[in-house]
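The values are calculated or read from the model by the stated rules, or taken from the named source; none is laboratory data. Keep in mind that this is a model prediction, so the values were computed, not measured. For neighbour counting, all protein chains shown are included, and Cβ atoms are generated from backbone atoms with ideal geometry for every residue, glycine included. Side chains are part of the model used for accessible areas, which takes the heavy atoms of the whole protein and leaves out ligands, DNA and RNA. Shrake-Rupley method; radii C 1.70, N 1.55, O 1.52, S 1.80 Å.
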Amino acid sequence: MGISGLKLWQWRVDAKTEAVAANIEPAEVDWLLQEVSSLDRLTLRLESFKIWHEVELKLPFESLEKLWNRRITERVPVQYLIGKTPWRNYHLNVSPAVLIPRPETELMIEIAKGAGVHLKTGHWADLGTGSGAIAIGLADEFPQAMIHAVDYSKAALFMAQKNAQECGFANQIQFYQGSWFEPLEALKGQLSAMVSNPPYIPNDEVLQLQPEVTKHEPHLALAGGKDGLDCIRHLVSTAPQYLHPGGIWLIEMMAGQAEAVTQLLKQQGCYKNISIIPDLAGIERFALANLIGK
Ligand SMILES: C[S@@+](CC[C@H](N)C(=O)[O-])C[C@H]1O[C@@H](n2cnc3c(N)ncnc32)[C@H](O)[C@@H]1O
């Protein structure tokens, strides 16, 4: 399927204008174009394709127009339109069944790397795996560890498994459907680490987020109860039965929750080395601790 360079150039100009008017990042037009055409970022930036007789498209031009229209009118995130998102050095499959993994979550893998130097060969859990991003990141950094990825959503697990397979980690990640630690009963007292990016947004706030999130991302991935801390409370109180002494407890949380999470960990009485780590924007985003005992 081809289209004249000039026609596509004009469409791109119009789409960028629409994006600005709709308060959408105009760069998303090029993101979409790179996925559906043979054009690369430099060619788009230089606009050299404008004089080409034909630009190859992977879909009919009308379908491209429809996709962009859904971005503008329905506020569907561009990642769901494309069905892919970049995360660390991967290109992960995403659908509305899974939360789009965020760039700040990439930092969890670096934190785990630093904290888990002595625990490279054990059993690691990614609770609430969604697209499988964290499990894949852990499998990549800890090639000798076995990663156990849990999610309550069957549809999310399907996507996570597909991603693990495509990234080459199918043999290193085991998937379980169920609630938090529940499916990992057989690993009680044996986990080297629990890593989780749980739902942590207060229920009332979920509906006030941008429409891309509230209308399209799964609510199961977002809402964390009245104060947003329901899942984190559960992970604080349950992890001591599953981690081995010295095991790592690492979560992502929302801005403003650091104090409450620190208190929960202290009150539980089983944790040491409790620390709060900021993301690249300086927001207190991650809580890290070790189970007492080593
Ligand atoms: C914020 S998303 C994180 C997804 C992914 N780990 C990431 O960082 O992009 C939270 C995930 O927790 C899952 N979840 C919600 N409640 C759960 C439960 N009770 N047990 C297991 N997973 C749950 C959701 O389905 C969702 O995939």
Near K120, which aspartates and glutamates are there with a Cα under 14 Å away, not counting those fewer than 8 places off in the same chain? E110, D140, E141
Here is the link list: K7/K58; K58/K84; K154/K226. Which ones come out longer than 19 Å on Cα distance? K154/K226
For the chain, modelled as a GNM with alpha-carbon contacts under 10 angstrom, which of L229, L187, L99 fluctuates the most? L187
Quick calc of log₁₀ I(q)/I(0), the stretch 116-260, Debye, one scatterer on every Cα, no solvent, q values 0.12, 0.13, 0.14, 0.18 1/Å, result -0.48, -0.57, -0.66, -1.05
Tell me, Kirkwood radius of the stretch 80-125 from alpha-carbon pair distances, in Å? 12.4
Could you look at the stretch 38-89 and say what percent of its accessible area is carbon and sulfur, using a 1.4 Å probe and all protein chains? 50
Using Cα springs under 10 Å in a Gaussian network model of the chain, which residue among G114, G178, G228 shows the largest mean-square fluctuation? G114
Output needed: percent of Cα pairs per 10 Å distance bin for the stretch 174-289, bins running from 0 to the one holding the longest distance. 13, 42, 34, 10, 0
Pop a pseudo-label 7 angstrom from the Cα along the beta-carbon direction at both V13 and A260 and give the gap in nm to one decimal. 5.1
Order Y176, Y242 by their accessible area, 1.4 angstrom probe, all chains in place, largest first. Y176, Y242
Mind computing the radius of gyration and Dmax over the alpha-carbon atoms of the chain? Å is fine for both. 21.3, 70
May I ask which of K188/K266; K188/K215; K50/K215 have a Cα-Cα span longer than 29 Å here? K188/K215; K50/K215
Accessible solvent surface per residue of the chain, calculated while the other protein chains remain in place, 1.4 angstrom probe, Å²: 47
Binned at 5 Å from zero, the C-alpha pair distances of the stretch 143-224 give percents of 3, 12, 19, 20, 18, 14, 8, 4, 1
Nearest 500 deg cm²/dmol is fine: what mean residue ellipticity at 222 nm does the chain get from its DSSP H runs of n ≥ 4 alone, each adding -39,500 (n - 2.57), divided by its residue count? -11000 deg cm²/dmol
Ranked by accessible surface with a 1.4 Å probe, highest first, in what order do E35, E166, E65 come? E166, E65, E35
Calculate how large, on average over all directions, the projected area of the Cα convex hull of the stretch 1-89 is; give the answer in nm² to one decimal. 5.7
If packing is taken as the average number of other Cβ atoms within 10 Å across a peptide's residues, how do 80-90, 268-278 rank, most packed first? 80-90, 268-278
Could you quote the convex hull projected area for the stretch 27-143, Cα atoms only and averaged over all directions, in nm²? 9.3
Summarise the accessible area of the stretch 144-294 (1.4 Å probe, protein heavy atoms) by the percent that is carbon and sulfur. 52
Taking springs between alpha-carbon atoms closer than 10 angstrom, which of S131, S38, S237 fluctuates most in the Gaussian network model of the chain? S38
